Amino acid sequence: MTTVKDVRDAPWSDRRLMIAMSLSAPGSQLVEEVRPDPTPGPGEIRLRVRASGVCRTDLHVVDGDLPPRHRPIIPGHEVVGVVDAVGPQVASIRVGDRVGAMWLAKSCGRCRYCREGEENLCDDPAFNGWTRDGGYADTMIAWADFCLPIPPSLSDVEVAPLLCAGLIGFRAWRKACADRPVRHLGLYGFGAAAHLLAQLAIFEGQSVYAFTRDGDTAAQDLALALGCVWAGGSGAAPPMPLDAAVIFAPVGDLVPIALRAVRKGGVVVCGGIHMTDIPAFPYALLWEERRLVSVANLTRQDGRDYLPRAVLAGVRAHVTTYPLSQANQALDDLRRGAFSGAGVLVPGRI
């Protein structure tokens with residue numbers, strides 16, 4: 001019987017098997033297993049994974065907050081890899097290219113939203129690590145047209161969190177800044193997405209206010225070290241009214257708190273794919289043309305716009321790395337807030 005160690009120790013040129021961390025049911029532990037090496041089909045490529053970010057959305061998949069769509073499933077959607085096989089009908093990517101696979105694995109291209117340039121709202125989408133196997137593995141199949149070229153100045157580990165945490169922050173930030181100038185920006189939940197967005201916003205000349213779990217001095221210290229002008233608990237009032245706020249923590253109770261913190265005409269953007277129920281709040285918090293909006297998923301254009309801009313702004317992820325085999329520990333650490341910034345899994349063979 002071939003073991004995980006046998007596969008891990010074999011040269012890439014002799015590979016016929018892959019290693020993956022697989023989820024059989026919501027709420028269970030991921031299990032390290034050996035699978036046959038997959039072959040890319042039409043429009044697909046095979047990646048040898050070099051890094052896979054540990055995202056809060058992965059927690060929602062593992063914990064069952066996002067209803068299971070495919071079992072068993074390999075989580076992971078912040079994936080950096082090198083192409084080692086190309087399927088038929090792929091013209092834009094070649095063997096040896098380094099690319100990134102993000103949350104949106106594929107859109108239908110036919111529905112109203114796809115036709116109108118809103119593929120993030122596609123009626124029949126596929127998602128890496130939720131509806132199809134993702135990057136908690138040393139090998140992954142991805143749709144070629146939905147992979148992004150990786151800037152050469154960013155290392156595998158640095159760029160992995162940018163492929164979702166960075167991108168969703170960027171999309172939320174553009175919604176926050178869409179209608180009125182934003183000079184004072186609040187970020188609720190200072191984890192992977194917020195610490196990346198803070199760097200971009202500060203580069204763009206905005207003053208950033210970081211709201212963390214009460215007593216999370218490590219996250220507050222990171223925020224201040226990155227250049228935020230203020231950091232405190234999520235229930236605290238900022239020193240001045242905010243022009244906009246982005247909520248990354250999946251906590252519905254933060255919505256009325258953030259609305260209370262923004263000025264007249266300000267906007268609160270909910271940046272997560274899942275959030276606990278929003279409590280009832282007085283209309284006065286929304287009145288005076290405050291707005292409450294959400295972002296949903298990502299588009300390929302978000303990635304094309306964001307990655308070069310992140311490089312220009314000098315955005316760098318504050319990363320804690322884990323071997324692929326310690327994916328359960330990484331997820332538990334994320335759940336407990338045991339690290340600041342982002343977690344990244346690195347296959348032991350790379």
*asked:* Among (1) at pLDDT 95 or above; (2) surrounded by 14 or more Cβ atoms within 10 Å (Cβ to Cβ), there is one condition Arg115 misses while meeting the rest; what is its number?
replied: (2)
*Just for the range 124-147: of the residues that are in contact with a helix residue (DSSP H, G or I) (Cβ under 7 Å, 6 or more places away or on another chain) and within 15 Å of Leu66 (Cα to Cα), which one is surrounded by the most Cβ atoms within 10 Å (Cβ to Cβ)?*
Gly129
*asked:* Can you find a residue that is over 21 Å from Ala160 (Cα atoms), buried (at least 21 other Cβ atoms within 10 Å of the Cβ) and either touching a residue at least 40 places away in the same chain (Cβ under 8 Å) or basic (Lys, Arg) (or both) anywhere in the range 171-180?
replied: yes
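Find the strands (runs of 3 or more DSSP E) located wholly in the range 15-110 whose residues include 1 or more that are open to solvent by less than 40 Å² (accessible area, probe 1.4 Å), and list them. Walk me through it before giving the result.
Values: elements: 17-22, 31-36, 44-54, 79-86, 98-101, 104-106.
Where strands (runs of 3 or more DSSP E) fall fully within the range 15-110 and carry at least 1 residues being open to solvent by less than 40 Å² (accessible area, probe 1.4 Å), they are 17-22, 44-54, 79-86, 98-101, 104-106.
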_Being surrounded by 18 or more Cβ atoms within 10 Å (Cβ to Cβ) and part of a loop (DSSP other than H, G, I, E, B): is that true of Ile278 here?_
no
*Filter the range 217-236 for residues that are touching a Phe, Trp or Tyr at 6+ places or on another chain (Cβ under 6 Å) and open to solvent by less than 40 Å² (accessible area, probe 1.4 Å); which is nearest to His195 (Cα to Cα)?*
Ala223
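For Gly337, indicate whether it is more than 24 Å from Ala137 (Cβ to Cβ) and touching a residue at least 40 places away in the same chain (Cβ under 8 Å). Before you say what the answer is, go through the steps one by one.
Numbers: more than 24 Å from Ala137 (Cβ to Cβ): yes; touching a residue at least 40 places away in the same chain (Cβ under 8 Å): yes.
Criteria met by Gly337.
Find the strands (runs of 3 or more DSSP E) located wholly in the range 160-256 whose residues include 2 or more that are of a type in the set (Ser, Thr, Tyr) and either over 19 Å from Arg316 (Cα atoms) or at pLDDT 95 or above (or both), and list them. First the steps, then the outcome.
Values: elements: 184-188, 207-212, 230-233, 242-247.
Where strands (runs of 3 or more DSSP E) fall fully within the range 160-256 and carry at least 2 residues being of a type in the set (Ser, Thr, Tyr) and either over 19 Å from Arg316 (Cα atoms) or at pLDDT 95 or above (or both), they are 207-212.
The values are calculated or read from the model by the stated rules, or taken from the named source; none is laboratory data. The shown structure was predicted, so the numbers you read here are calculated from the model rather than taken from an experiment. For neighbour counting, all protein chains shown are included, and Cβ atoms are generated from backbone atoms with ideal geometry for every residue, glycine included. Please note that ligands, DNA and RNA were not included when accessible areas were found on the heavy atoms of the full protein model with its side chains. Shrake-Rupley method; radii C 1.70, N 1.55, O 1.52, S 1.80 Å.
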